[in-house]
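The values are calculated or read from the model by the stated rules, or taken from the named source; none is laboratory data. If you're wondering where the values come from, they're calculated on a predicted model, not measured in any experiment. A quick note on method: Cβ atoms are made from the backbone with ideal geometry, for glycine too, and the neighbour counts reach across all protein chains shown. Just the protein is used for accessible areas: all its heavy atoms, side chains included, with ligands, DNA and RNA removed. Shrake-Rupley method; radii C 1.70, N 1.55, O 1.52, S 1.80 Å.
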Amino acid sequence: MSKRDYYDVLGVSKDADEQEIKKAYRKLARQYHPDVNKEDDAEEKFIEIKDAYDTLSDPQKRSNYDRFGHEDPNQGFGGGGGAGGFGGGFGDIFDMFFGGGASRDPNAPRQGADLQYTMTLTFKEAAFGKDTEIEIPKEENCETCGGDGAKPGTEKRTCRQCGGQGQMNVEQNTPFGRVVNRRVCDRCSGSGVEVEEKCPTCNGNGRIRRNKKINIHIPEGVDHGQQIRVSGQGEPGANGGPPGDLFVVFNVQPHEFFERDGDDVYCEMPLTFVQVTLGDEIEVPTLRGKVKLKIPAGTQSGTKFRLRNKGINNVHGRGQGDQHVKVQVVTPKKLTDRQKELLREFAEISGDEETDEQHGNFFDRVKRAFRGE
Ligand SMILES: [Zn+2]
Ligand SMILES: [Zn+2]
């Protein structure tokens, strides 16, 4: 299946700015989120939307996409890292067009691969950030041999098969003539060096895989799907090249009371019809404790109130969001005889009268509808 144009997927123009892209993404993501949308292709669409957003929201990836389209040679390079960090991107484009990695000098410094780690956070951990430690399996240079794969005290020498080139010419006769292929030397695996006796710790690989603890600082305000880069904590480089980076991607769990859109927080407060009819002062939970909120007499169900700056601190330090409180009037289900009596009395006194103008019009419209007008 051919991939749809990312701008078409999000329904934005080619020159849409960051805000427009973000807005379009949020709207679509809400619409097609598999938790919400139960249509068969919702998940597929959601992934497509997410892919489009991941690319277009990242200036580097977007410019690559604008130039190369879906054929971007940088995509997926370096262990699926993400923003920036692919080692020597231009070298790889060069290799793609001019004969592949085998033409590369095996002894040239190479940057290590990037690593990606998905971290699950609670709603509040994402809102407030935290310092934590993760343990990930990663390659390290072997301490016994210092990374060259030779048992300490034994000889290393230039590979006899490739003469230290790390690659060989392989000639083949075909009906079209003689073809010469360059291949990575299988004796030295392209290193150009062979060892007399392999290092027993790493079995000659020069590297060992072990769990490594890494301290991670999660800034306050990170959101679902965002990632941070931990510089230099990817796989080690080769031949003295720098290590790759570690990308930590956040998977933020939903909260049972709060919902989040960007830095704004949303919640619903259940109120009795007495509270909204007569007015009340209520307490609303926020991320940082309770806040008093005045409910004016005559408040309708569905009315929204805004608590300024009670949302989430922006991850880039640009202020904080608001908390939006939606009033939800709860109709009582169990009433005592006395309560029923009072309500009937209330209804009798009220009769057909309706003093509130807006409300009155509403009831008038209902009456007219009953009369078939
Ligand atoms: Zn070793
Ligand atoms: Zn060799």
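For this structure, a couple of remarks:
- Within the stretch 129-146, tally of residues that are open to solvent by 30 Å² or more (accessible area, probe 1.4 Å), more than 16 Å from ligand 1 (Cβ to nearest atom) and either within 20 Å of Ser189 (Cβ to Cβ) or out of contact with any Lys or Arg (no Cβ under 9 Å at 6 or more places or on another chain) (or both): 3
- Filter result (within 16 Å of Ala238 (Cβ to Cβ) and either in a strand (DSSP E or B) or within 16 Å of ligand 1 (Cβ to nearest atom) (or both)) within the stretch 157-194: Gln167, Val184, Cys188, Ser189, Ser191, Val193
- Residues within the stretch 200-219 that are within 16 Å of ligand 2 (Cβ to nearest atom) and open to solvent by less than 40 Å² (accessible area, probe 1.4 Å), tallied: 2
- Condition check for Val179 on (1) open to solvent by 30 Å² or more (accessible area, probe 1.4 Å); (2) aliphatic (A, V, I, L, M); (3) within 15 Å of ligand 2 (Cβ to nearest atom): one failure, at (3).
- Qualifying positions in the stretch 285-318 - open to solvent by 40 Å² or more (accessible area, probe 1.4 Å) and within 20 Å of His224 (Cα to Cα): Lys310, Val315, His316, Gly317, Arg318
- Hits in the stretch 329-351 (condition: assigned to a helix (DSSP H, G or I) and either in contact (Cβ under 8 Å) with a residue 12 or more places away in the chain or open to solvent by less than 100 Å² (accessible area, probe 1.4 Å) (or both)): Gln339, Lys340, Glu341, Leu342, Leu343, Glu345, Ala347, Ser350
- Residue pairs meeting the criteria (Cβ under 7 Å; at least 6 apart or on separate chains; first of a type in the set (S, T, N, Q), in the stretch 157-174; second in a strand (DSSP E or B) and within 11 Å of ligand 2 (Cβ to nearest atom)): Thr158/Val193; Gln161/Met168; Gln167/Arg183; Gln167/Val184
- Out of Glu197, Glu268, sole residue that is under 20 Å from Gly321 (Cβ atoms), in contact (Cβ under 8 Å) with a residue 24 or more places away in the chain, among the charged types (D, E, K, R) and open to solvent by 70 Å² or more (accessible area, probe 1.4 Å): Glu268
So that you can scan it fast, the table gives a plain yes or no per residue for (1) open to solvent by less than 60 Å² (accessible area, probe 1.4 Å); (2) modelled with pLDDT of 80 or more; (3) within 21 Å of the chain's Cα centre (by Cα):
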site: Arg62; (1), (2), (3): yes, yes, yes
site: Asn74; (1), (2), (3): yes, no, yes
site: Gly78; (1), (2), (3): yes, no, yes
site: Gly88; (1), (2), (3): yes, no, no
site: Phe94; (1), (2), (3): no, no, no
site: Arg110; (1), (2), (3): no, yes, no
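- Residue count for the stretch 247-261 under the criterion of being surrounded by 15 or more Cβ atoms within 10 Å (Cβ to Cβ) and either of a type in the set (Phe, Trp, Tyr) or outside any strand (DSSP E or B) (or both): the result is 4.
- Single residue of the stretch 147-162 satisfying the filter (open to solvent by less than 50 Å² (accessible area, probe 1.4 Å) and of a type outside the set (Ser, Thr, Tyr)) that is farthest from ligand 2 (Cβ to nearest atom): Gly147
- Scanning the stretch 6-43 for residues that are farther than 17 Å from Gly225 by Cα, surrounded by 13 or more Cβ atoms within 10 Å (Cβ to Cβ) and charged (D, E, K, R) yields a single hit, Glu20.
- A residue that is in contact (Cβ under 8 Å) with a residue 12 or more places away in the chain, within 16 Å of ligand 1 (Cβ to nearest atom) and not in a loop (DSSP other than H, G, I, E, B) cannot be found anywhere in the stretch 213-220.
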